[in-house]
Amino acid sequence: MQLPRGLVVVRHAQAEAYAASDVERELTPNGREDAAEAGRWLAEQGVVPATAYVSAAVRTRETWSQMAGAAGWSVTPTYDELLYSTDEDGILELLRRTDDAVGTVVVLGHNPTVAVLAQLLDDGDGPAEIAAELAGGYPTCAVTVFDVATSWADLGPMGATPRAFHVGRG
């Protein structure tokens, strides 16, 4: 078992205000640029996911496409319809079902869930400035990189150390 594991929690980039349904909202041009910038930043951090769980909404799919392309990732994401409507406990359950051979996972979803998840996971051992950022909100294209020192099956509240925080702005 390779430890620590990496977990990246991402909120989708800026989306259009309106569409036929909320699930169909697309990224704005700025949102596409922001997602690509976040991908470049993640590549600079050395993040290379083995698995990605992405909400099935259009804006999260587009965020993934821009971010992964800019980061140079080739992993095929799992588009999960439940990530659109689940809460932080639902995401934790999804993460707990991840194979222990997986080193780094990206979760790309929506607020308020991803903001609450990032705060819930913080074990308090990371830099104080990251804790302050997490407490201050989770804007569009916010990214938190965590180290996870347990198996995926054992991941729970206060179970990860935040290593880096960034808001993609192109």
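Taken together, the values in this text are just the output of simple stated rules run on the coordinates, not laboratory data. All figures in this text were calculated on a predicted structure; none of them were measured in a lab. We place every Cβ from the backbone using ideal geometry, glycine too, and count neighbours over all the protein chains shown.
Highest mean first, what order results for 141-149, 70-78, 16-24, 46-54 on Cβ atoms within 10 Å?
For the peptides 141-149, 70-78, 16-24, 46-54, the packing ranking is 141-149, 46-54, 70-78, 16-24.
So what is the 222 nm mean residue ellipticity for the chain from helices alone, if each DSSP H run of at least 4 adds -39500 (n - 2.57) and you divide by all residues, rounding to the nearest 500 deg cm²/dmol?
-10500 deg cm²/dmol
Around Leu27, which amide H atoms from residues at least 5 apart in sequence, or from another chain, sit under 5 Å from its own amide H, with H modelled in the peptide plane?
Amide H neighbours of Leu27: Glu16.
Could you give me the radius of gyration and the Dmax of region 45-112, taking only the C-alpha atoms into account and expressing both in angstrom?
That works out to 11.7, 30 Å for Rg and Dmax.
With θ set to phi - 60°, apply the Karplus curve 6.51 cos²θ - 1.76 cosθ + 1.60 along region 28-38 and write out the HN-Hα couplings as whole Hz, x wherever there is a Gly or Pro.
6, x, 5, x, 5, 5, 4, 5, 5, 5, 4
With Kirkwood's inverse mean 1/r over C-alpha pairs for Rh, give me the Rg to Rh ratio of region 3-133, two decimals please.
Expressed as Rg/Rh, it is 0.95.
Once phi is turned into θ = phi - 60°, what whole-Hz ³J(HN,Hα) does the Karplus curve with 6.51, -1.76 and 1.60 give for every residue of region 164-169, x standing for Gly and Pro?
Values per residue, Gly and Pro as x: 7, 9, 7, 10, x, 9 Hz.
Taking amide H positions as placed 1.01 Å from N in the peptide plane, with prolines and chain starts having none, which residues 5 or more places from Gly6, or on another chain, fall under 5 Å of its amide H?
Thr104, Val105, Val148
Which net charge results for the neighbourhood of Val116, defined as the other residues with beta-carbon distances under 10 angstrom from its beta-carbon, given Lys and Arg at +1 and Asp and Glu at -1?
Spelling it out: positives minus negatives among the neighbours equals -3.
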